[in-house]
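Every number here is computed from the coordinates shown, using simple stated rules; none is lab data. Quick caveat: nothing in here was measured; it's all calculated off a predicted structure. Cβ: placed from backbone, ideal geometry, glycine included. Neighbour counts: every protein chain shown.
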């Protein structure tokens with residue numbers, strides 16, 4: 001599998017959630033769970049298992 005195909009799987013997987021996140025940002029109210037992968041944390045700030053990647 002090429003590198004481009006490897007990256008495209010993330011684009012495809014997040015396409016719907018990205019649209020929802022953008023809509024929530026525009027409305028000024030977060031209602032779903034997208035924060036951790038739309039805006040990844042800086043290394044060392046988070047304490048959860050998810051923040052380690």
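Tell me, in nm to one decimal, what length is gained between residue 22 and residue 8 on full extension, where the rule is 0.36 nm per residue of separation less the Cα-Cα distance? Kindly include the intermediate steps, with their values, before the conclusion.
Values: separation 14, 0.36 × 14 = 5.04 nm, distance 1.96 nm.
Extra length from residue 22 to residue 8 when fully extended: 3.1 nm.
Remark: 43, 30 ranked as 43, 30, counting other beta-carbon atoms within 10 Å and listing the fewest first. Pairs of Cα atoms in segment 8-52 fall into 10 Å distance bins, from 0 up to the last occupied one, in shares of 25, 44, 31, 0 percent. Note on residue 41 and residue 15: the model spin-label points, each 7 Å out from Cα along the C-beta direction, lie 3.0 nm apart.
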